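Structure record follows, encoded as structure tokens.
The values are calculated or read from the model by the stated rules, or taken from the named source; none is laboratory data. These numbers were taken from a predicted model, which means no experiment stands behind them. Backbone-built Cβ (ideal geometry, glycine too); neighbour counts: all protein chains shown. Only protein heavy atoms, including side chains, enter the accessible area calculation; ligands, DNA and RNA are left aside. Shrake-Rupley method; radii C 1.70, N 1.55, O 1.52, S 1.80 Å.
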Amino acid sequence: RTRYIQTELGFHERLFVAVLTSKATLNTLAVAVNKTVAHHFPRLLYFTGLRSAKVPPGMVLVAHGDERPIWLMYETMHYIHQHFGSDYDWFYIMQDDTYAQAEQVKALVSHLSINQDVYLGRAEEFIGGDEQARYCHGGFGYLISRSLSVERRASARTARGEGRLLCGLEFPTRLSGSCPFQGQHYHSYELAKNTEPEKEEEEEFRAALAVHPVSDMTLMYRLHKHFSRIQLDRAYQEIQDLQMQIRNLTALTPAGEAGLTWPVGINAPFLPKSRFEVISWDYFTEQHLFSCPDGSPKCELSGASKADVSEIIESALEQLNSRYQPLLRFSKRQLLNGYRRFDPTRGMEYTLDLLLEVVTQKGHSHVLAKRVSLVRPLSKVEIIPMPYVTEATRVQLVLPLTVQDLDFVANFLDMFAMNALDTHDNALLTLLFIYHPYDAQRVSQVDVFAGVKAMVGELEKRYAEVKIPWISVKTEVPSQVKLMDIVSKKHPVDTLFFLASVWTEINMEFLNSNWQVFFPVHFQEFNPALVYRGEQTASSSTDFLRDGHFDRHSFAEACFYNSDYMTARTKLAADILDRDEVLESMEVFDVFLHYSGLHLFRAVEPGLVQKYALRSCNPRLSEELYHRCVLSNLEGLASRSHLATALFEQEQANST
């Protein structure tokens, strides 16, 4: 079972970090640790003796009830072993008066073998004890491997100082304070009083994984800024070295220096295969954007776009000055023209025409226009961990149906039976019959959904343990929010809803990949009459997702928990009071977007493929929803090349 492979094969998370703090420093030093390094570690907990009246936001705190350092250390190790001992490979313990370079710590554990007992830190000797007995100084942090059982505790050894945090544990002498280990060094630096981090140039300081003692929050932030600058300088130097190597190697390739792309090391620009694949440039000035999200020809440059343009201009001036100083110094007078486009193979590209004032070393100045090109490359792709829906979680599919959907219901039910019922997946289906008031009055004589109810009856006979309930609603305007309100009240708060459309082909692998609120962009197949024009439809696996497009105008599918919907819906009700007509201009997506603090995940989903069908757009909905439906129909007809071919053939036929 691929989605449970990590658990069943006994894989562990890499690193767990524990920070020892106190009631006196929880709101000062511990907060500084949380703001500087916490976001770099996958899991970090704070341990204290006595809990403060108010815990700082964003911090997970465990209180043991005793402020004595040795007791705090002992109970922390016991807690870690009891709750996380089997989940992580490495445990890093530090104090809140320690600054740790998070990325360096993660790099260290990535180079250590988990098959050996490791106790690594700054080695210290016990005063007056056995010279061979050593321990890791707690102030500089220490690393413990999972294989080194923290249950091997001794009750006889007495603490001789607050710094010796491991003196209450019995570890093999050969491992205590072992540094270096497996070729890796645990570098640390003892900070003197009144030290200025910005003036520290010693290699020992620059290489330190941990710095101690840090006396206050300001010093912690200064250390973080200084080490961040060191890391940034190292990264830039590595980039320059790699670019030089690429230049040298490119000269030896068949293409020679002509094969060198700009910027060096960044993917080459996308090469369109036809005029329909050309990526267009968006024109902008410092005040206006001439390619607006709402389709208007001109709009004010604001928000993220304005910040983006300002940053790019500033970066262009910085690059020019770094290249030509001290001979020339550039300053901006005006942005004459600006162009940008997003290239999915490399990132955002910019071309700027700048009117610059140039000042020489002798003080002479003149004005010139210069064109510069910049690229904001795509950064490292990060896989966001999203927990799977467990086998115990039941997915509740909700399918709204109108009279216009009757021709497609049979196919939906067949796919649901094949992909959910035959495989015994934990999924239920609820049908929502939306009656027009006229049809509702005649339901006792002619039920427009009688055929669908008969199909449901056949399914329930075929699968004896399955019940498919339906809910009947009478309305002229089938608002998605109003319909969801009805369904939400009839299910428990922990229900996981999947809101589907009649064209959705159910796929359980897709249902097991949802997290919080997910609005997938389904793949819409084009009209086969225009694409194939009488030829047989391609069905081979190589043609998968070829003749169609991802329909970004549709928000018909959604996956979310009922409790999350109810919370957001309550906030919406308080905002609109009794103005129910507002709901007719909203979809469930709008409810979550404006009235919840949840992550809204909107992405293309290849697992959701819909056959071509001409949707019925209800003109009684809001103008925006109606316009979006019409656009979905128009863009779902065929690609530009297919439409052009069809028009050409029609003109040829008319001319003859």
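Mind listing whichever residues of the stretch 101-124 are closer than 19 Å to Pro69 by Cβ and part of a strand (DSSP E or B)?
First, the residues of the stretch 101-124 that are closer than 19 Å to Pro69 by Cβ: 119, 121-122, 124.
Within the stretch 101-124, Tyr119, Gly121, Glu124 meet the criteria.
When you scan the stretch 418-428, how many residues do you find that are touching a helix residue (DSSP H, G or I) at 6+ places or on another chain (Cβ under 7 Å), surrounded by fewer than 18 Cβ atoms within 10 Å (Cβ to Cβ) and not acidic (Asp, Glu)? Reasoning before the result, please.
Step one: list which residues in the stretch 418-428 are touching a helix residue (DSSP H, G or I) at 6+ places or on another chain (Cβ under 7 Å), which gives 419-420, 423, 425, 427.
With the extra rule that they be surrounded by fewer than 18 Cβ atoms within 10 Å (Cβ to Cβ), the set shrinks to 423, 425.
Within this subset, residues satisfying the condition of being not acidic (Asp, Glu) are 423.
Looking only at that region, the number is 1.
Please return the ranges of strands (runs of 3 or more DSSP E) entirely within the stretch 3-82 where 2 or more residues are at pLDDT below 85 and open to solvent by 30 Å² or more (accessible area, probe 1.4 Å). If you could, list the steps in order and put the result at the bottom.
Values: elements: 13-20, 44-48, 61-63.
Counting at least 2 such residues, we get 13-20.
Condition first: more than 29 Å from the chain's Cα centre (by Cα) and over 17 Å from Phe408 (Cβ atoms). Now tell me which residues in the stretch 610-630 satisfy that.
Residues satisfying the conditions are Pro619, Arg620, Leu621, Ser622, Glu623, Tyr626, His627, Val630.
Take the stretch 554-579 and flag every residue that is open to solvent by 50 Å² or more (accessible area, probe 1.4 Å) and in contact (Cβ under 8 Å) with a residue 24 or more places away in the chain. Even if it seems obvious, please write down each step before you answer.
Let us first name the residues in the stretch 554-579 that are open to solvent by 50 Å² or more (accessible area, probe 1.4 Å), namely 561, 566-567, 570-571, 574-575, 577-579.
Matches in the stretch 554-579: Tyr561, Met566, Thr567, Lys571.
Does the stretch 429-436 include one or more residues that are assigned by the TED database to the domain that holds Ser501, free of Cβ contacts under 8 Å to residues at least 40 places away in the same chain, surrounded by 16 or more Cβ atoms within 10 Å (Cβ to Cβ) and farther than 23 Å from Arg620 by Cα?
Yes, because at least one residue in the stretch 429-436 is assigned by the TED database to the domain that holds Ser501, free of Cβ contacts under 8 Å to residues at least 40 places away in the same chain, surrounded by 16 or more Cβ atoms within 10 Å (Cβ to Cβ) and farther than 23 Å from Arg620 by Cα.
Scanning the stretch 219-259 for residues that are of a type in the set (Val, Ile, Thr) and in a helix (DSSP H, G or I), which turns out farthest from Gln104 (Cα to Cα)?
Step one: list which residues in the stretch 219-259 are of a type in the set (Val, Ile, Thr), which gives 230, 239, 246, 250, 253.
Pick out the ones that are also in a helix (DSSP H, G or I) and you get 230, 239, 246, 250.
Values: Ile230: 12, Ile239: 19, Ile246: 27, Thr250: 32 Å.
This residue is Thr250.
Could you tell me which numbered condition Gly163 fails, if it satisfies all but one of (1) at pLDDT below 85; (2) surrounded by 17 or more Cβ atoms within 10 Å (Cβ to Cβ); (3) closer than 25 Å to Asn115 by Cα; (4) not polar (S, T, N, Q)?
(3)
With the condition kept exactly as written, say whether any residue in the stretch 475-485 is under 22 Å from Ser554 (Cβ atoms), among the hydroxyl-bearing types (Ser, Thr, Tyr) and touching a strand residue (DSSP E or B) at 6+ places or on another chain (Cβ under 7 Å).
Yes, that holds for at least one residue.
Across the stretch 330-353, what is the number of residues that are modelled with pLDDT under 95 and among the aromatic types (Phe, Trp, Tyr)?
2
Quick check on the stretch 414-439: of everything there that is assigned to a helix (DSSP H, G or I) and more than 36 Å from the chain's Cα centre (by Cα), which residue is farthest from Leu399 (Cα to Cα)? Let's see the steps before the verdict.
Residues of the stretch 414-439 that are assigned to a helix (DSSP H, G or I), as a first pass: 414-421, 437-439.
Pick out the ones that are also more than 36 Å from the chain's Cα centre (by Cα) and you get 437-439.
Values: Pro437: 20, Tyr438: 22, Asp439: 19 Å.
Top of the filtered list is Tyr438.
Of all residues in the stretch 561-586, which are among the aliphatic types (A, V, I, L, M) and either assigned to a helix (DSSP H, G or I) or over 23 Å from Val477 (Cβ atoms) (or both)? If you could, list the steps in order and put the result at the bottom.
Step one: filter the stretch 561-586 for residues among the aliphatic types (A, V, I, L, M), giving 566, 568, 572-574, 576-577, 582-583, 586.
Once the filter is applied, which keeps residues that are among the aliphatic types (A, V, I, L, M) and either assigned to a helix (DSSP H, G or I) or over 23 Å from Val477 (Cβ atoms) (or both), the stretch 561-586 yields Met566, Ala568, Leu572, Ala573, Ala574, Ile576, Val582, Leu583.
Any idea how many residues of the stretch 273-328 are aliphatic (A, V, I, L, M), within 14 Å of Arg340 (Cβ to Cβ) and part of a helix (DSSP H, G or I)? Break it down into steps so the answer makes sense when it comes.
If we filter the stretch 273-328 for residues that are aliphatic (A, V, I, L, M), which is where we start, we get 278-279, 289, 301, 304, 307, 309, 312-313, 316-317, 320, 327-328.
Narrowing further to those that are within 14 Å of Arg340 (Cβ to Cβ): 279, 289, 301, 304, 307, 309, 312-313, 316.
Of the ones still in play, those that are also part of a helix (DSSP H, G or I) are 304, 307, 309, 312-313, 316.
Here the count works out to 6.
Test Leu406 against the stated conditions and say whether it is open to solvent by less than 20 Å² (accessible area, probe 1.4 Å) and in contact (Cβ under 8 Å) with a residue 12 or more places away in the chain. Break it down stepwise before answering.
Values: open to solvent by less than 20 Å² (accessible area, probe 1.4 Å): no; in contact (Cβ under 8 Å) with a residue 12 or more places away in the chain: yes.
Spelling it out, it is not the case that Leu406 is open to solvent by less than 20 Å² (accessible area, probe 1.4 Å) and in contact (Cβ under 8 Å) with a residue 12 or more places away in the chain.
If Ser305 passes every condition in (1) over 30 Å from Ala644 (Cα atoms); (2) open to solvent by 40 Å² or more (accessible area, probe 1.4 Å); (3) under 29 Å from the mean Cα position of the chain (by Cα) but one, which one does it miss?
It is condition (2) that Ser305 fails.
Could you count how many residues in the stretch 587-617 are part of a loop (DSSP other than H, G, I, E, B), in contact (Cβ under 8 Å) with a residue 40 or more places away in the chain and either in contact with a Leu (Cβ under 8 Å, 6 or more places away or on another chain) or of a type in the set (Gly, Ala, Ser) (or both)?
4
Could you list all residues from the stretch 627-656 that are open to solvent by 90 Å² or more (accessible area, probe 1.4 Å) and under 24 Å from Trp503 (Cβ atoms)?
His627, Leu634, Arg640
Which of (1) within 19 Å of Glu587 (Cβ to Cβ); (2) of a type in the set (A, V, I, L, M, F, W, C); (3) assigned to a loop (DSSP other than H, G, I, E, B) does Val481 not meet, given it meets every other one?
Checking Val481 against (1) within 19 Å of Glu587 (Cβ to Cβ); (2) of a type in the set (A, V, I, L, M, F, W, C); (3) assigned to a loop (DSSP other than H, G, I, E, B), the one that fails is (3).
Pairs only if they're at least six apart or on different chains, beta carbon under 6 angstrom, first in the stretch 483-509 and closer than 16 Å to Ala427 by Cα, second modelled with pLDDT of 85 or more and open to solvent by 40 Å² or more (accessible area, probe 1.4 Å); list them, first residue then second.
Filtered contacts from the stretch 483-509: Leu496/Tyr561.
Scan the stretch 361-382 and give yes if some residue there is modelled with pLDDT under 90 and surrounded by 15 or more Cβ atoms within 10 Å (Cβ to Cβ), otherwise no.
Yes, because at least one residue in the stretch 361-382 is modelled with pLDDT under 90 and surrounded by 15 or more Cβ atoms within 10 Å (Cβ to Cβ).
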